[in-house]
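Notes follow once the structure below has been shown.
The values are calculated or read from the model by the stated rules, or taken from the named source; none is laboratory data. Worth saying up front: this structure is predicted, and the values here are computed from it rather than measured. Positions of Cβ are backbone-derived with ideal geometry, glycine not excepted, and every protein chain shown enters the neighbour counts. Only protein heavy atoms, including side chains, enter the accessible area calculation; ligands, DNA and RNA are left aside. Shrake-Rupley method; radii C 1.70, N 1.55, O 1.52, S 1.80 Å.
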Amino acid sequence: MLLLLSLLAPLLVVPWVKAATNEADYTPIVVPLAVRGPYLGAYLTGRKEKDLTRMDPHFWTTESLGWQGLLRVDGVTCNWMGNLTEWTPCETTELHHTTAETTFVLTPPTSTVSLTASFLSPVTPADLFRQSLPFSYLSLSVSSLDGQPHQVEVYSEINGLWLADEEHEEMEWESIEGDESDWVGLELRLKNQRPFEEAYKDAPWGGGEVISTDRILHGEVFYAAQTSSSAGLSPVRTTWSAGSDAMATRRKFASSGVLSSRSNTTSPRPIRTRSDTNTSRVLDEPVFALAHSFGSISPSTPLAERSALLAIGHVRDPLVKYMTSDLSTTSRGPDDQPRPGERTIFLRPLWASTLPSTSQALSFFFSDYPTQKKLSDEFNNKLYRDAVKVDGKEYADVVSISTRQVFMAMEAVWDESEEGVRGEAGLEVYSPVTGKPIPAMVMLKEISSNGNVQTIDVIAPFLPFLLYSSPTLLPLLLEPIYRYSTSKLYLPIPPTHDLGDHYPNATGHNDFLYANLPIEEAANMLLMALSGMKVAEPEVVEVAAHVRAKHWVMEKVRGGKERVGWDAVVGEGRDHRREGARMAWAQARKRYALFKAWAQYLEDECLYPGDQRTTDDFFGSAANQTSLVVKGILGLRAFSEIAGELGEEADRDHFFDVAEAYRGKFVDLAISTDRTHLLGTYGNQTSWVTHYNLYFDKLLGLSVFPPSVYEMQEAFYPTVAQPYGPALDSRFLNRAKTDWLAWAGATCSPSPPALSSSASDPNPHSSSCRRLFLDALSKFLRKDDNAVFGDSITPDEGWSVGFLSRPVAGGHYALLGREVMEQVQREREERHREAEKSGLFTLLFIFGGVLQGLVCIKVVMEWRQRRRGGYVELPLSGPGRGRGRRRSAMDGGVGVWGVEDSPRSVFELEGRDRESEADSGESGRDRWKRR
Ligand SMILES: *[C@@H]1O[C@H](CO)[C@@H](O)[C@H](O)[C@H]1NC(C)=O
Ligand SMILES: *[C@@H]1O[C@H](CO)[C@@H](O)[C@H](O)[C@H]1NC(C)=O
Ligand SMILES: *[C@@H]1O[C@H](CO)[C@@H](O)[C@H](O)[C@H]1NC(C)=O
Ligand SMILES: *[C@@H]1O[C@H](CO)[C@@H](O)[C@H](O)[C@H]1NC(C)=O
Ligand SMILES: *[C@@H]1O[C@H](CO)[C@@H](O)[C@H](O)[C@H]1NC(C)=O
Ligand SMILES: *[C@@H]1O[C@H](CO)[C@@H](O)[C@H](O)[C@H]1NC(C)=O
């Protein structure tokens, strides 16, 4: 039967409804070029035309970088990248961008050939090892346009501004070759290496204040080109030059089409030397250049013989200084309590676990190009399909352009610490090289707004991105916070805001001085923890094989029933969603006491918040902010859910009741007297806010706040909307946040119309409330006379004001995140119903004798033993998997699985749920049935 079905299957597959174009067809606010990490982020920024042939790329801070290019056709040279005024600029004839790649097609004034330059910063959200490689690709290819053969050479160079903004900094360089002569690279570094130090400059507002330039005074920059490919030696000849002056190097290329392949030995030299008498004159500027001679190319020249692959990277090792406790010494803390000593450890890059040298990393990166390109394209295509499904093409463009910079804020680390190697939670990432797990964490820099490490209220906004595309990343980002919060170097109450000021020093706040956002952060942590647990079932509730086979066929027959969300296999056949859920569950068990302390804090404080801040502090702090109350109540409810999942029934009930009681009081206090909207602060009838925190209620399917509240808000927002959406807070009508526009839009009814819409008819169901927010967001991202892409905007005219290139743009995934979570919930309910329906085993258990039960327990135990630790996608005909649930139902679901390393299964939780339902008869707590 099964065999027959699987043979028929290919015939039943219906092609996807209609492929929408999978790339954006407009010039976005900023054009990403090489965007990989906090110190590698190059964009074209500038008002209106983002013209590669006439402007210099910039670091995300908007400081200039030297990245220039020349194209030489039949001996005539034009300028294809950067602002080299000595040569005629090429023309940009095409510009495309996808989630990971920006492609320009450039032609010289003669239009005889074209140069295609593709800047690929791979986006591989399920493969954090690949994502951890600190390089970005530039692929160049030339074509003859007029059918004639042409002699073509392409040149590109970088300068020392990739290391630091300060032109007086001295640098050194060398050229290196891949171990198998597979590439040639130019390496530059500051002579004076200062690990973990960023450079500081005078603040533009004066007053003697200094601010970080966000450039690190540590590490090396690489500019390299592949010299042979797997297909054999390429006929393309690559020459290079390191450390010679810019003008001399460019002129050498323009006159001969080749470079000397020599390093200038006058080293170290400053990044730039200017004339004392005329500071706009640059006297000397060492550059690092690569040139590719393609020979004579004609329409019949194979692509491999007219292309070159380059890489640019910023490499540091170690990456982050991290605070841990040293239990061998104790002292007294500021609270006069004994506390352990401090011990900082150095966290190394994840890739270094498998690739012992930068040179090996670069070899891997070059040889991996086809895979990285394929993975990035697949992610892009899936993202477009899903986003079009939930809200149409414009929304797809929004999430696509918002993605690369999410990874710019993060660095995955290889966690060699005691806790990493022997930790119970098993926080791992798989190496694609060895297939083995590597203990890992992911560190985050609060880009632009501050520079703090692991800022909780920066991670929370991009939670929707994590749930959609990278569920394993969420626990890896939260782990360093859990560890520090339980290190005893810090009191967990009030919760921390970040792990250190300033990246890459994750050295904590052992002085016990707290940022003033405790409700915000406590609730964020609980809500994120629960999200991670709910992103997938760590185990599959089993239904009989024939029922699953039936589903599978039905799905194929119905056609187009693709799940929303990025699915991928990691390591040895593990699904990254379930891996993420597994880690989140393990963390929840381990950190339960910490969670409870946070929940108790919320119980004490969140109904009448003191003078605290919310995430966006441009409004200053205030008492009784309703946005905080909403978040606090949802945080309390999240903890109740976590407690329920872990079998802590007393806590579950207590915090459920507290959340319910607070919700009741909140509704009385927070609704305006004319009953038109929720107030911004209790009692102030002229106040209001955009209630983005309600998103958690929808995301997690909690239904804490009644539909009437949502309906009221939906009717209210249009009355305060400006052309670029409602302001965030009535105290400051000239500020909105793009992440919160997306979050608020995703609270509007109806829930995303899964599967129903096609590309031609994108959102037939979308409410006007949702349109209000999401149209504002896409309009902003198309406003290309903005020079920067910040997430803080003016709602009247759509100008970007500060908060540049931050990862919170991952919050634009709000609709997708919600759809993913609702899908998991629907599937869980479906499986639950199916499991109930497949009555044979149920009958066996309800009516069967003790003996049969014991036999089943033994079978299940053995079976679990065999597949312990693996959340491997099971074959269709696994052993009878309905048994676990009933076993736990029978033994009460307590303790039996506790002896194993693997997390408690959903089986026993279901069992417990069913019990508690029977005990209390209170269907309100039955989360599987709740709507
Ligand atoms: C290019 O450089 C020239 C001369 O240095 C300058 O006047 C011009 O403003 C620059 N163009 C851009 C787009 O930066
Ligand atoms: C990190 O800490 C070191 C030593 O305390 C300090 O010199 C450095 O400036 C810090 N780095 C940053 C970015 O604050
Ligand atoms: C190396 O660069 C320096 C500074 O630009 C220059 O004076 C010198 O002539 C160069 N050396 C060679 C061999 O080109
Ligand atoms: C200063 O140098 C710039 C660039 O080389 C040049 O255009 C300008 O004329 C010079 N100014 C003076 C006063 O010499
Ligand atoms: C907060 O609101 C409550 C209820 O309206 C009120 O009793 C309390 O005084 C308010 N707190 C502050 C600091 O305004
Ligand atoms: C009430 O809210 C308005 C609008 O947000 C604000 O301007 C005003 O200062 C608030 N009044 C008080 C007493 O806080």
### Query
If you check Glu94 against the conditions, is it of a type in the set (Asp, Glu), free of Cβ contacts under 8 Å to residues at least 24 places away in the same chain and open to solvent by 10 Å² or more (accessible area, probe 1.4 Å)?
yes
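Filter region 207-232 for residues that are within 28 Å of Gly500 (Cβ to Cβ) and either modelled with pLDDT of 95 or more or open to solvent by less than 30 Å² (accessible area, probe 1.4 Å) (or both) and give the result.
Initial filter on region 207-232 (within 28 Å of Gly500 (Cβ to Cβ)): 207-222.
The answer is Ser212, Thr213, Asp214, Arg215, Ile216, Leu217, His218, Gly219, Glu220, Val221, Phe222.
Could you check how many residues of region 156-189 are open to solvent by less than 40 Å² (accessible area, probe 1.4 Å) and assigned to a loop (DSSP other than H, G, I, E, B)? Outline the logic, then answer.
Going residue by residue through region 156-189, those that are open to solvent by less than 40 Å² (accessible area, probe 1.4 Å) are 156-166, 169, 171, 173, 178, 182-188.
If we keep only those that are assigned to a loop (DSSP other than H, G, I, E, B) too, we end up with 163-166, 169, 178, 182.
So the count comes out to 7.
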### Message
Condition first: more than 12 Å from ligand 5 (Cβ to nearest atom) and of a type in the set (Asp, Glu). Now tell me which residues in region 655-692 satisfy that.
### Response
Asp657, Glu660, Asp674
### Message
With the structure loaded, tell me whether Thr265 is open to solvent by less than 40 Å² (accessible area, probe 1.4 Å) and part of a loop (DSSP other than H, G, I, E, B) or whether it fails that test.
### Response
no
### Query
How about region 550-579: which of its residues are on the phi > 0 side of the Ramachandran plot and at pLDDT below 85?
Gly559, Gly560, Gly571, Gly573
## Note on the structure
Exactly one of Arg262, Arg237 is more than 16 Å from Gly178 (Cβ to Cβ), basic (Lys, Arg) and touching a Ser or Thr at 6+ places or on another chain (Cβ under 6 Å), and that residue is Arg237
### Task
Tally the residues that are charged (D, E, K, R) and under 22 Å from the mean Cα position of the chain (by Cα), restricting the search to region 563-614.
8
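Okay, residues lined up against (1) open to solvent by 40 Å² or more (accessible area, probe 1.4 Å); (2) within 16 Å of ligand 6 (Cβ to nearest atom); (3) part of a helix (DSSP H, G or I):
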{"position": "Ala597", "(1), (2), (3)": "no, no, yes"}
{"position": "Pro609", "(1), (2), (3)": "no, yes, no"}
{"position": "Leu628", "(1), (2), (3)": "no, yes, yes"}
{"position": "Arg637", "(1), (2), (3)": "no, no, yes"}
{"position": "Glu641", "(1), (2), (3)": "no, no, yes"}
{"position": "Gly644", "(1), (2), (3)": "no, no, yes"}
{"position": "Asp657", "(1), (2), (3)": "yes, no, yes"}
{"position": "Tyr662", "(1), (2), (3)": "no, no, yes"}
### Task
Consider Gly69 carefully, then state whether it is open to solvent by less than 30 Å² (accessible area, probe 1.4 Å), modelled with pLDDT of 95 or more and either within 14 Å of ligand 1 (Cβ to nearest atom) or in contact with a strand residue (DSSP E or B) (Cβ under 8 Å, 6 or more places away or on another chain) (or both).
yes
### Test for Val105: is it without any contact (Cβ under 8 Å) to a residue 40 or more places away in the chain and not polar (S, T, N, Q)
yes
### Task
Might you check whether a residue that is closer than 18 Å to Ser805 by Cα and outside any helix (DSSP H, G or I) occurs anywhere in region 455-475?
yes
### Contacts under 6 angstrom Cβ, first residue in region 583-603 being on the phi < 0 side of the Ramachandran plot, partner of a type in the set (Ser, Thr, Tyr), 6 or more apart
Arg591/Tyr482; Leu594/Ser485; Leu594/Thr486
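Only one residue in Thr88, Thr77, Thr62 is modelled with pLDDT under 95 and either open to solvent by 40 Å² or more (accessible area, probe 1.4 Å) or farther than 17 Å from Pro32 by Cα (or both), so which one is that? Walk me through how you get there before you give the answer.
Working: Thr88 fails: modelled with pLDDT under 95; Thr77 fails: modelled with pLDDT under 95.
The unique qualifying residue is Thr62.
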